[in-house]
Structures are given as structure tokens and as C-alpha cells.
1. Skipping prolines and chain starts, which residues have an amide H placed within reach, meaning under 5 Å, of the one on Thr39, given they are 5 or more residues away or on another chain?
2. Using the count of nearby Cβ atoms within 10 Å as a rough guide to exposure, how do Lys203, Lys98 rank from fewest to most?
3. Work out from phi, with θ = phi - 60° and the Karplus expression 6.51 cos²θ - 1.76 cosθ + 1.60, the ³J(HN,Hα) of each residue of the stretch 85-99, listed in order in whole Hz, and give x for Gly and Pro.
4. Determine, for each peptide in 69-79, 124-134, the mean count of other beta carbons within 10 angstrom over its residues, then list the peptides with the highest first.
5. Amide H neighbours of Leu111 under 5 Å, counting only residues 5+ apart in sequence or on other chains, H built in-plane at 1.01 Å?
6. Dipole size in debye (nearest 20) for the stretch 38-136 around its Cα centre, Lys and Arg Cβ +1, Asp and Glu Cβ -1?
7. If amide H atoms are built 1.01 Å from N in the plane of the peptide, which residues on other chains or at least 5 residues away come under 5 Å of the amide H of Asn135?
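Every read-out reported here was derived from the displayed coordinates using simple, explicitly stated rules and does not represent laboratory data. These numbers come from a predicted model, not from an experiment. Ideal geometry is used to build each Cβ from the backbone, glycine not excepted, and the neighbour counts take in all protein chains shown.
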Amino acid sequence: MKATASQKIKIGIFTFLGLVVLILGIFFIGNQKNLFSSTFGVYGTFKNVNGLQVGNNVRFAGINIGVVEDITIVNDSTVRVDLTLNNDVKKFIKTDSKLSIGSDGLMGDKLVVIAPGGVKSTTPVQDGGQLASVNPVDVDRIIKKLTRVADNAADMTEGLASIINKVNNGKGSIGRLLNNDKLSRDLEGTVRQAKTTIATVHKTSSTLNEDLKAAQHNFLLKGFFKKKKKAQQDSIKKAQEAAKKANDQKQ
């Protein structure tokens, strides 16, 4: 069965559209992988790449300037990350620039971020050169610590709730004190009695001082207080003489 002219036209149009899509796809992928632009390579080493994968973007000043070319495990504590960057940004990447691993948004893909240098050096990095790296934060360790803190807070809250429940139900000394009216009244009575006793003691002490002052002026006891005062003065005088004698001996 021979194809009609309309069918041939349809096949030609379909083939043409297919070629256009293929070319656009190759161009898009090539542009993402920097296949159609001049590039140069740098690398850095990390202790943990935190989920970074080959093909992820490299970003400088918020602009995608390259891709992750390769990730290689050097040893049990070092991972090498090779980057392919556009050649037109080479003059901005200094030898003291630093690499770090970040995220494209809160839950986006991982990417490599290049922090600008130029503080200590103004020399652009060479092709194949190494840049210093900043190791990413261990998110798993932080989550583990936060989980432990949350568990401890939950235990404390549960303990406090249990204590408050016992107090509200009148259990324990504090609970009985707060919930038993008789204990509260007895405690108030004890406090009032203590205040009365203290006031009586103060009053008695004041009366005793007045009695002692009156006794000093009584002619029957005046001699006793005079002897006591003289003995006190003699003791002070002897102490002063002893101090003076000791001072003279030192000189």
C-alpha cells in the first residue's frame, strides 16, 4: 500500500519535530554539563559530603557556574570532590576561596558553594588547583541531640505532672497541708502563738533592763555594783600595763 501525499507530509513534520526536540535536549543537557563552553577544574577535600552527588550544581555569588564532576573516597576520613567550572569565572575564583556544601532551598538538592576569596590572595586559582573546604554540619548528630533533649523534657514534664497530681489529691506532706483545713488552721494557730511568745520575751527583757538600772541606784546594792565596776577597771588597767611592758621589751 502506497503512502499518500498527506501521510508523507505528516511523517515529515513528525520527524522534523522529533529532531528539533532531540537537538534542544542535547543543547540543554550540554549546557547544564558545560559541554559547549570552555571549562577548568578545581577540587577540594571533605570529611563528609553530606549527600552530595555527581552532577549537582556549583554556585558562586548565587549563580550556577559549574557542576560536580567526580566524588572519590581517598581514605576513611577524606573524600575528594572534583568540580568543573566555566572558564569565564576563573578570574573571580582566588586561591584562598573556600568550598562548602549547602542545599538548594530547605529540601532541595545538595550543591557546592564557593565563598569568594581575595582577602589574603589576589591570584586566580589555576586549572586543577585545590581550594580549601569547610566541612558541613553533621545534621544527624544535631537531630540526635535534639531528640535526647526532647526525651528529657518529656520525662521532666511527666514527673512534674505526677507531683502536681499528688498534691492536688492531698498526697504527701505538701498535699495534706494544702488540702487539709485542720492542718492549715493548726499552723496558723502555731504562728500566732509564736508571735505572742516573742512579744512577751521582748517585753520581759525590757522590764529586766529597767530593774537592773533601778538596782544600781539602790543603796543596798550600790556597793556590789561599785566593786564590780572597780574590778572591771583594774582588769583593763592590768591589760594596758602588760601591753605597754611588752612594747617596751620589743624596743
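1. Answer set, sorted by chain and number: Asn87.
2. Lys203, Lys98
3. So the J values, rounded to whole Hz, are 10, 5, 5, 6, 9, 4, 5, 8, 8, 8, 5, 9, 5, 10, 9.
4. Those peptides, ordered most packed to least, come out 124-134, 69-79.
5. For Leu111, the qualifying residues are Gly102, Ser103, Asp104.
6. 340
7. Sorted by chain and number, the residues that satisfy this come to none at all.
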